[in-house]
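Encoded as structure tokens, the structure appears first; notes follow it.
What follows draws every value from the coordinates through simple rules; no lab data is involved. If you're wondering where the values come from, they're calculated on a predicted model, not measured in any experiment. We place every Cβ from the backbone using ideal geometry, glycine too, and count neighbours over all the protein chains shown.
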Amino acid sequence: MAEAFWVHSPGKGELRSLDLPTPGPDEVLVRTRYSAISKGTEHLVFHGRVPASQYARMRAPFQEGEFPFPVKYGYLNVGRVERGPDELRGRTVFCLYPHQSAYVVPASAVTPIPDEVPANRAVLAGTVETAVNALWDARPLLGDRVAVVGAGMVGCCVAALLAGIPGVRVQLVDTNPEREAVAAAFGVEFALPGQARGNCDRVVHASASAEGLARCLELLAPHGEVLELSWYGDRPVTVPLGEDFHSRRLTVRASQVGTVAHPRRDFAQRMALAVEFLASPVFDALITGESAFAELPEKMPEIVDSTRLCHRISYPGE
């Protein structure tokens, strides 16, 4: 038996019991230790704001149900393998699985967590994977001046990885002054939008707001590029392409984790690299709340509408 969190109507969810299948020879039974809420996407799902045109594209790997409701959604899950191949049994693994107390998936769908990465930090693997893909798209060069606009989970992870590239000037930009502490933990500058440094070679946008995108364009140097990571759901977005957009030859380019942006890497290699980065304790600055799985139906409305970064869910036994 297991329990899973389902969203059944706008802003409302519940725990549902289910019988787990017996794992086959190439499958694993995983008992969840932690999951985490990816606020940007899960806010849209929880409130039923996924556009009908994006139902197929927005499906999580192990989603059940259909948009808008009822749906079992999520993709940040860390658990312990109870049954499966010898090399995985007893291992802590990451899986792109929804909020559920136990589950059966193909063994190829889980990524073993190294001993040096704590299980409660490993829930960030999916978000760091998005940041890895973004930097493969952005291709920052030594000495680049880069701003990251939007200090949510994805923006913060991008800033943390940029901080490890020698000679790159990184500034994390957000309207919430409390994000300065997170920027300090990563060793990067912080600025409110009106105080951000311009003349940037690249700007990574992750605020999911039209105002943020407009500010990104203002921060670019001539021939600079905005890498757009935001997911806007069903909201229309106005992009200011007048004034000096053309004369300065600016570029806005999309990045999306559904495609591997490196020509010689696959999905498994990208995820394994993301997990390696999580050996660094600096990523603990992104965990800004925790609650028990049993409380999720009650807590979810407040969690997805809050200004927290990563909210972690703990399961029985942890």
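Every listed requirement among (1) surrounded by fewer than 19 Cβ atoms within 10 Å (Cβ to Cβ); (2) under 19 Å from F277 (Cα atoms) is met by A181 save one, (2).
In segment 44-62, which residue that is aromatic (F, W, Y) and part of a loop (DSSP other than H, G, I, E, B) is surrounded by the fewest Cβ atoms within 10 Å (Cβ to Cβ)?
Y55
A search for C-beta distances below 8 Å between a residue of segment 169-187 that is closer than 19 Å to V203 by Cα and any residue that is of a type in the set (V, I, T) and part of a helix (DSSP H, G or I), counting only pairs 6+ apart in sequence or on different chains, returns L172/V182; F186/V282; G187/V282. Contact map, segment 280-293: first residue without any contact (Cβ under 8 Å) to a residue 24 or more places away in the chain, second residue buried (at least 16 other Cβ atoms within 10 Å of the Cβ) and not in a strand (DSSP E or B), Cβ cut-off under 6 Å, separation 6 or more or different chains; pairs are T288/R308; T288/L309; G289/R308; S291/K299.
Return a yes/no flag: does segment 191-210 have any residue that is hydrophobic (A, V, I, L, M, F, W, C), without any contact (Cβ under 8 Å) to a residue 40 or more places away in the chain and crowded, with 21+ Cβ neighbours inside 10 Å. Within segment 191-210, not a single residue is hydrophobic (A, V, I, L, M, F, W, C), without any contact (Cβ under 8 Å) to a residue 40 or more places away in the chain and crowded, with 21+ Cβ neighbours inside 10 Å. Of all the residues in segment 193-252, those that are aromatic (F, W, Y) and more than 27 Å from T41 (Cα to Cα) number 1.
Exactly one residue among T32, T22, T41 is of a type in the set (V, I, T), surrounded by fewer than 22 Cβ atoms within 10 Å (Cβ to Cβ) and not in a loop (DSSP other than H, G, I, E, B), and that residue is T41.
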